[in-house]
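In what follows, a single structure is set out as structure tokens and then discussed.
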Amino acid sequence: MIATNDRTFPEALTAVAGARFDYARGEGIDYEPYAAFPSAEETTDWIRAWTGNQELTGDAFLPFGMDGSGGQVAFWRVRAGRPPAEQPVVFLGSEGEVRVLAQELTGFLWLLADGIGPVDVVWHEERTPRPSAELAAIAERHAGTAARRPAAEILAAAAAEFPGFEEEIFEMCR
């Protein structure tokens, strides 16, 4: 389902793209933000390659970052009529990992602020958070009235709202 044709890159993600992610030195978060959404054609190429399903279009996803191995972080456009920032944030890893990270962009911003990246959620669930003052400031600026929540709460709420995400994605695979 396509929630809307809106491809406006959220201001919060522009701010995240300007933040420092120094994972190569063993610091920070394994996350590489994009400065804009890839084109619809690039997104279609990615989802077809990831699923092996040449019948798919990329319309259901808006990638906005990746981890160091190429796993994609994207908005999953399942909420009809809602802008990208109000769609769930998902991770489709380079090795087939699949996870809903947050119910919306604000939750994802708080994960980053706590020092939790997309691959950490999949591979290091017991990882000790390493909060980032820079990313916390971005989250605070863009969270509106949404209060800061612990990473475990954000992940649990996302999993509870979208319990069939993994099965739905794997049904697309050929």
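Quickly run through segment 147-174 and pick out the residues that are more than 30 Å from GLN54 (Cβ to Cβ) and either among the hydroxyl-bearing types (Ser, Thr, Tyr) or without any contact (Cβ under 8 Å) to a residue 12 or more places away in the chain (or both). ALA147, ALA152, GLU153, ALA156, ALA160 - these are the residues of segment 147-174 that are more than 30 Å from GLN54 (Cβ to Cβ) and either among the hydroxyl-bearing types (Ser, Thr, Tyr) or without any contact (Cβ under 8 Å) to a residue 12 or more places away in the chain (or both). When PHE108, PHE75 are checked against the criterion of being touching a residue at least 12 places away in the same chain (Cβ under 8 Å) and part of a strand (DSSP E or B), a single residue qualifies: PHE75. The condition (being more than 17 Å from CYS173 (Cβ to Cβ), under 16 Å from the mean Cα position of the chain (by Cα) and touching a residue at least 60 places away in the same chain (Cβ under 8 Å)) is satisfied by just one residue among ARG99, ARG7: ARG7. Taking the listed residues ALA152, ALA147, the one that is loosely packed, with under 15 Cβ neighbours inside 10 Å and at pLDDT below 85 is ALA147, with no other qualifying.
Here GLY28 meets the list (1) outside any helix (DSSP H, G or I); (2) modelled with pLDDT of 95 or more; (3) crowded, with 17+ Cβ neighbours inside 10 Å almost entirely, failing just condition (2).
Inspect all residues belonging to segment 63-74 and state whether any of them is under 20 Å from CYS173 (Cα atoms), surrounded by fewer than 17 Cβ atoms within 10 Å (Cβ to Cβ) and not hydroxyl-bearing (Ser, Thr, Tyr). Yes, because at least one residue in segment 63-74 is under 20 Å from CYS173 (Cα atoms), surrounded by fewer than 17 Cβ atoms within 10 Å (Cβ to Cβ) and not hydroxyl-bearing (Ser, Thr, Tyr). Return yes or no: is ALA80 more than 15 Å from ASP120 (Cα to Cα), touching a residue at least 60 places away in the same chain (Cβ under 8 Å) and either under 10 Å from the mean Cα position of the chain (by Cα) or assigned to a helix (DSSP H, G or I) (or both)? When the stated conditions are applied, ALA80 does not pass them.
The values are calculated or read from the model by the stated rules, or taken from the named source; none is laboratory data. The model shown is predicted, which means the values in this text are computed figures rather than measured ones. Cβ: placed from backbone, ideal geometry, glycine included. Neighbour counts: every protein chain shown.
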